[in-house]
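Derivation of every value follows stated rules applied to the coordinates shown; laboratory data play no part. This is a predicted model, so every value here is computed, not measured. For neighbour counting, all protein chains shown are included, and Cβ atoms are generated from backbone atoms with ideal geometry for every residue, glycine included.
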Amino acid sequence: MFGKMSAETQAPSDVPKYVREGLDRQDRETLQDVIEYCEERIEYLESQANQDLNEEQLADEGEELVDVEEGSEGTRVVKKVPCGKDNCSTCPHGPYLYLVRREGDSVIWDYQGVVDD
């Protein structure tokens, strides 16, 4: 399955040193527990990433949702937003396009630009 392994294995270079060093001090049983935890953690993160975002997460007070569309790279959100200036007669401004996705428990917003009406 893993091919021939030497007496001492090397962790992938993208695994942080503090993780490698901690794992290297563990016995076989603890490492099996770590594998199980990691698999469960991956499943949880994937389920969070695949959850649909609701309107409350997509628009703050004073914002106006124009369009929401689920896509393979995330949720495309078009909305108008207030500028924050008192007595602005043209608020909310936009519409603006954002690509929104989940990373664990966080919701990440990537501004894409102004949308032509």
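Worth a mention:
- Here is how the number arises for the chain: DSSP H runs of 4 or more residues each give -39500 (n - 2.57), the sum is divided by the residue count, and the result at 222 nm is -9000 deg cm²/dmol.
- Its residue count N fixes a reference of 2.2 N^0.38 Å for the stretch 55-114, and the Cα radius of gyration divided by that reference is 1.17.
- Our estimate of slack between Glu8 and Asp86, defined as 0.36 nm per intervening residue step minus the Cα-Cα distance, is 21.5 nm.
- The chain - charge dipole about Cα centre, Lys and Arg +1 at Cβ, Asp and Glu -1, debye rounded to 20: 520 debye
- The relative contact order of the stretch 55-114 comes to 26 percent, based on Cα pairs under 8 Å that sit 6 or more residues apart.
- Charge dipole (debye, nearest 20) of the stretch 50-117; +1 at Cβ of Lys and Arg, -1 at Cβ of Asp and Glu: 200 debye
- Between the residues Cys38, Gly104, Leu58, the greatest Cα displacement towards the positive end of the dipole of the chain, with unit charges on the Cβ of Lys, Arg, Asp and Glu, is found for Cys38.
- The modelled label-to-label distance for the pair Glu46/Trp109, using points 7 Å beyond Cα in the direction of Cβ, is 3.0 nm.
- Spacing of the modelled spin labels on Thr30 and Arg101, each 7 Å from Cα toward Cβ, amounts to 3.5 nm.
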